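Chemist: Below are the structure tokens for one structure; questions will follow.
The values are calculated or read from the model by the stated rules, or taken from the named source; none is laboratory data. Given the structure is predicted, the values throughout are model-derived calculations rather than measurements. So basically every Cβ, Gly included, is an ideal-geometry build from the backbone, and we count neighbours across all protein chains shown. Side chains included, ligands, DNA and RNA excluded: accessible areas come from the protein's heavy atoms. Shrake-Rupley method; radii C 1.70, N 1.55, O 1.52, S 1.80 Å.
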Amino acid sequence: MALENTTSEAQEQGHVAVRVDGTALAGKVKDDLRARVATLKERGIHPGLGTILVGTNPASLSYIAGKHRDCAEVGIESIRLDLPESASEQEVRDAIRFMNQNPLVTAFIIQLPLPEGIDPTAMLELMDPHKDADGLHPLNLGELVLAVPGGQGTIDTPLSCTPRGIVEMLQEYDIPIAGQHVTIIGQGLTVGRPLGLLLTRLEATATLTHSRTADVAAEVRRADIVVAAAGVAGLVKADWLKPGAAVIDVGITRVIDPETGKARLRGDVDPAAASVAGYLSPVPGGVGPMTRAMLLKNVVEAAERR
């Protein structure tokens, strides 16, 4: 539904966007999963997440550690395989085969990026698609292409975690999706492309912008929902936004505070956007916790399908 306020009117009225709290919502998701895991265990089914990490990328190490902590919170078992940076492609293939065949592993992930010289697409294709916790196997992404628009029918294969988390955030805050125009900044494999497919299935009009888009700001200005996933701190300015738009900030950039000299996290959306947007997710505390919660949800659902 289009809103009538102009940008200047919203600012004069001291408007502040509603905070889309991913941390709180992820907590609710975990509470639900904790109960579902307990029910599965009563039936003799023990959900287990496997992780394959190659190398010692600091961000990847942090992500993997967080995922295993999340598993412990809800009662999911976890199986971790760490390979050195020097691991050969065959060693990575062997690790994937181990996860595919291990009955204790309900679903698993291959932590990206992989070292140079190892094709991530080829490795993803080796996964058992039923054990794909990230929803990135080509067969699972293909389900989004084949799914009936309008949400009719069901998708029984894993959904990509960040797009799924974004949709649940919008739904939790009763932000309309059907019939709305959505502009997505970024067309990456983990966010932009699968999110566009998922939103189209829910009858939104989705536009994907990227580095070759002639005027990204113009595309953003006509959007009811904006998803910023470019990885450029402060890219989206307040005057880019339609007043009242829902803005989901996916980008995370580590910047140095000139006053303190300490590093802090910045999103793709300028903080001043809160004076124009109707809804705004924070960084940190927005999409990140929900992405991790959706990974757990994919694992539990895989166990339930068994």
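Chemist: Could you tell me whether Pro163 is part of a helix (DSSP H, G or I) and closer than 24 Å to Ile76 by Cα?
Modeler: The answer is yes for Pro163.
Chemist: Among the numbered criteria (1) in contact (Cβ under 8 Å) with a residue 12 or more places away in the chain; (2) out of contact with any Phe, Trp or Tyr (no Cβ under 6 Å at 6 or more places or on another chain), which single criterion is violated by Val20?
Modeler: (2)
Chemist: Look through the stretch 251-263, keep the residues that are touching a strand residue (DSSP E or B) at 6+ places or on another chain (Cβ under 6 Å) and open to solvent by 20 Å² or more (accessible area, probe 1.4 Å), and return whichever of them is nearest to Ile175 (Cα to Cα).
Modeler: Selected residue: Ile252.
Chemist: I've got another one for you. I'm told Gly179 meets every condition in (1) assigned to a loop (DSSP other than H, G, I, E, B); (2) surrounded by 22 or more Cβ atoms within 10 Å (Cβ to Cβ); (3) not polar (S, T, N, Q) except one. Can you identify the failing condition by its number?
Modeler: (2)
Chemist: Do you know which residues across the stretch 199-217 are in a loop (DSSP other than H, G, I, E, B), surrounded by 19 or more Cβ atoms within 10 Å (Cβ to Cβ) and among the β-branched types (Val, Ile, Thr)?
Modeler: none
Chemist: Residue check, Met290 against (1) at positive phi; (2) crowded, with 17+ Cβ neighbours inside 10 Å, all met but one. Which one?
Modeler: Tallying (1) at positive phi; (2) crowded, with 17+ Cβ neighbours inside 10 Å, Met290 fails exactly one: (1).
Chemist: Being among the small types (Gly, Ala, Ser), farther than 17 Å from Cys161 by Cα, open to solvent by less than 40 Å² (accessible area, probe 1.4 Å) and out of contact with any helix residue (DSSP H, G or I) (no Cβ under 8 Å at 6 or more places or on another chain) is the requirement here; does Ala228 meet it?
Modeler: Against the criterion (among the small types (Gly, Ala, Ser), farther than 17 Å from Cys161 by Cα, open to solvent by less than 40 Å² (accessible area, probe 1.4 Å) and out of contact with any helix residue (DSSP H, G or I) (no Cβ under 8 Å at 6 or more places or on another chain)), Ala228 does not qualify.
Chemist: Right, another one. Kindly indicate whether Thr39 is modelled with pLDDT under 95, more than 17 Å from Asp132 (Cβ to Cβ) and of a type in the set (Val, Ile, Thr).
Modeler: No, not satisfied.
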